[in-house]
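Novice: The structure follows.
The values are calculated or read from the model by the stated rules, or taken from the named source; none is laboratory data. This one's a predicted model, so the numbers in the text were calculated from it and none came from an experiment. Neighbour counts run over all protein chains shown; Cβ positions are idealised from the backbone, glycine included. What goes into the accessible areas is simple: the full protein's heavy atoms, side chains included, and nothing from ligands, DNA or RNA. Shrake-Rupley method; radii C 1.70, N 1.55, O 1.52, S 1.80 Å.
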Amino acid sequence: MDVELVRRWAAAGYLPTFRRLLESAAWTDYLNPPEHTSGNLWPSIHSGVGPLRHDFNYAVMFCPDSYRTRMGAARDLNIEPFWKWFAQSGRRVVVVDAPLTIPDPECGGKQVWGWGVHTSPWHGSSVPRGLLSEIVTQFGPHPAPDCHNYSTRTESLLRFTSSLRTGIERRTSIFRSLLAARDWDLFYGVYTEAHCAGHLMWHLEDESHPQHTQEQFAIVGHALREIYASLDGALAELLACADPHTISVVFLPDGMGPNYHGAHLFSAFLERFNQRWGENAASGASRPSQNGPFDALWKASVGVMPAGFRARVKLLLPSGLRRWVTTQRRLNPGRLSRLPAFWLPQDGLSLVRVNLLGREKKGRIRPGEEYRRYIDALTTELLQAANAENGQPAVERIFRADQQVDPMTIGSGPDLIAWWCKSAPIRAIRTATLGTISDEFAEIPTGEHVMRGMLALCHPLIQGGRRTIPGASALDIPATLCELAGIQPGIALEGTSRCGDLAPSIGQG
């Protein structure tokens, strides 16, 4: 859920539970550090360390030894989740659908993955082994297990809204059943429905969005707000299950905004930049070479179809096949190995991996001064890029890994992340040195992630109201939970406990 939408709709009376929460709980909103994306935020929340340490980027797992990219797999989750520290201290845990996790028998308790998640990168499982099957038998499956199977067409949005609301009802019943067993000291459950709705329904609430139409709105209505209202009702049911001694923690990990970005232009942008860099360095190594055979076949077949027709055909394919096709188009190890740097696939933002000598198998850029000059020049070019339609900056902020760690130690992640401005659609970008770059934008989602969130603590002894906590982020969640329970984290965390800021009157344990 997006914190700005929650605050707006709570104040207007559409979310009465959140309105009471914002009055009675101690809460803060926050911005997540810029190295976080939708693919690596949840592992950071669960482990309390950032992506430069846990090195899980989900959709962008780059293999330096082969120049291939692949989808993240369960085996890549090299993290120790905070509930493991609870289990090691003797606490009983219940964890349900925590994104991008796998149940761990060593933690005991009840752990479920894959009943109803945004998308399933691996098979569902549980501890005990048959628990997931029992839940499906008793409550039914989630009616919308993968939001990639829906579109922004009116009929699809109507089905999607109905499925999400049913999914919320079933998930709430599952949570209430597990809560009622009282065999837990830590209960951790996640709703994914608002996230799915935000991707496809953002334009319904945003009249300035290019895809907003009064004709569709007259039929679909405030579907996104309805999903938020359903979650508001679910929260009321779950909070009612808490006894007076229970500390309830509610957090919104990240938010949603319009799907405005220049990622569809970035490949051409980086190719032009690399060509100019190679010319300045008197080297032909950086000239863009031909794409791979899979991409050539794609452009000669699917690529000649009208964009609208391609979008409709895309929806007929299983989501797993679509992801595989997209990944294969971008796989051309021979080409990547000849470039000074290349972009990595990601939704709504742009990631750059430098072909660094000694880190990559066939590195082109030397560590030290040459690396810094390349990153400095690319950063300058990006910050000078303008939205060609309104002249405003196209890039909002940039993250550089070399400002935090030695670039030689970066695992599979990017050296640079460019966050695009979301104030207006970006159909073309322009710089003084690279000229104007334009291309069609045929993505289906109308909403995309923004790295803002909220953390709230609820207890009768807590004085309610908003707190302003500089530097707060989702990384603070594990440290805060551990202090509330009087538990020592198993590793050095990057986040900070916010108990002192939010609930100084609550004792440990």
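Novice: Could you please find all residues in the stretch 451-509 being open to solvent by 60 Å² or more (accessible area, probe 1.4 Å) and acidic (Asp, Glu)?
Specialist: Glu483, Glu494, Asp501
Residue by residue, here is whether (1) farther than 30 Å from Leu77 by Cα; (2) open to solvent by 30 Å² or more (accessible area, probe 1.4 Å) holds:
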residue	(1), (2)
Ala401	no, no
Asp406	no, yes
Ser412	no, no
Ile417	no, no
Ala424	yes, no
Arg427	yes, yes
Ser438	yes, yes
Ile444	no, no
Glu448	no, no
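Novice: Would you point out which residue out of Tyr188, Tyr260 is among the aromatic types (Phe, Trp, Tyr), touching a strand residue (DSSP E or B) at 6+ places or on another chain (Cβ under 9 Å) and part of a strand (DSSP E or B)?
Specialist: Criteria check complete, one pass: Tyr188.
Novice: Could you list, in sequence order, all residues of the stretch 321-335 that are modelled with pLDDT of 60 or more and under 18 Å from Ile417 (Cβ atoms)?
Specialist: none
Novice: Looking at (1) at pLDDT 95 or above; (2) farther than 30 Å from Ala194 by Cβ; (3) not aromatic (Phe, Trp, Tyr), which is the only condition Leu231 fails?
Specialist: Just one mismatch for Leu231, condition (2).
Novice: Restricting to the stretch 148-167, count the residues that are assigned to a helix (DSSP H, G or I), more than 21 Å from Gly233 (Cα to Cα) and open to solvent by less than 10 Å² (accessible area, probe 1.4 Å).
Specialist: Within the stretch 148-167, residues that are assigned to a helix (DSSP H, G or I), more than 21 Å from Gly233 (Cα to Cα) and open to solvent by less than 10 Å² (accessible area, probe 1.4 Å) number 2.
Novice: Another question, if that's okay. From the residues in the stretch 361-386 that are touching a Pro at 6+ places or on another chain (Cβ under 8 Å), free of Cβ contacts under 8 Å to residues at least 60 places away in the same chain and not aliphatic (A, V, I, L, M), which one is most open to solvent (accessible area, probe 1.4 Å)?
Specialist: Among them, the one singled out is Pro367.
Novice: Go through (1) open to solvent by 40 Å² or more (accessible area, probe 1.4 Å); (2) at pLDDT 60 or above; (3) farther than 27 Å from Tyr191 by Cβ one by one and return the number of the condition Pro293 breaks.
Specialist: Among (1) open to solvent by 40 Å² or more (accessible area, probe 1.4 Å); (2) at pLDDT 60 or above; (3) farther than 27 Å from Tyr191 by Cβ, Pro293 violates only (2).
Novice: Being under 30 Å from Glu369 (Cβ atoms) and either β-branched (Val, Ile, Thr) or surrounded by 16 or more Cβ atoms within 10 Å (Cβ to Cβ) (or both) is true for just one of Glu279, Glu271, Glu226. Which residue is that?
Specialist: Glu271
Novice: With respect to the numbered conditions (1) open to solvent by less than 30 Å² (accessible area, probe 1.4 Å); (2) among the polar types (S, T, N, Q); (3) closer than 30 Å to Arg400 by Cα; (4) over 20 Å from the mean Cα position of the chain (by Cα), which one is the sole condition not fulfilled by Ser66?
Specialist: (1)
Novice: Going by the structure shown, is Asp243 outside any helix (DSSP H, G or I), open to solvent by 30 Å² or more (accessible area, probe 1.4 Å) and at pLDDT 95 or above? First the steps, then the outcome.
Specialist: On the way: outside any helix (DSSP H, G or I): yes; open to solvent by 30 Å² or more (accessible area, probe 1.4 Å): yes; at pLDDT 95 or above: no.
The answer is no for Asp243.
Novice: Restricting to the stretch 70-118, and then to whatever is under 16 Å from Arg171 (Cβ atoms) and part of a loop (DSSP other than H, G, I, E, B), can you tell me which residue is most open to solvent (accessible area, probe 1.4 Å)?
Specialist: His118
Novice: Output the residues belonging to the stretch 475-505 that are closer than 20 Å to Asp185 by Cα, part of a loop (DSSP other than H, G, I, E, B) and not small (Gly, Ala, Ser).
Specialist: Listed by number, the residues that qualify are Ile487, Gln488, Pro489.
Novice: Here's a check for you: in the stretch 451-474, which residue that is touching a Ser or Thr at 6+ places or on another chain (Cβ under 6 Å) and outside any strand (DSSP E or B) is modelled with the lowest pLDDT?
Specialist: Applying the filter and picking the extreme gives Leu461.
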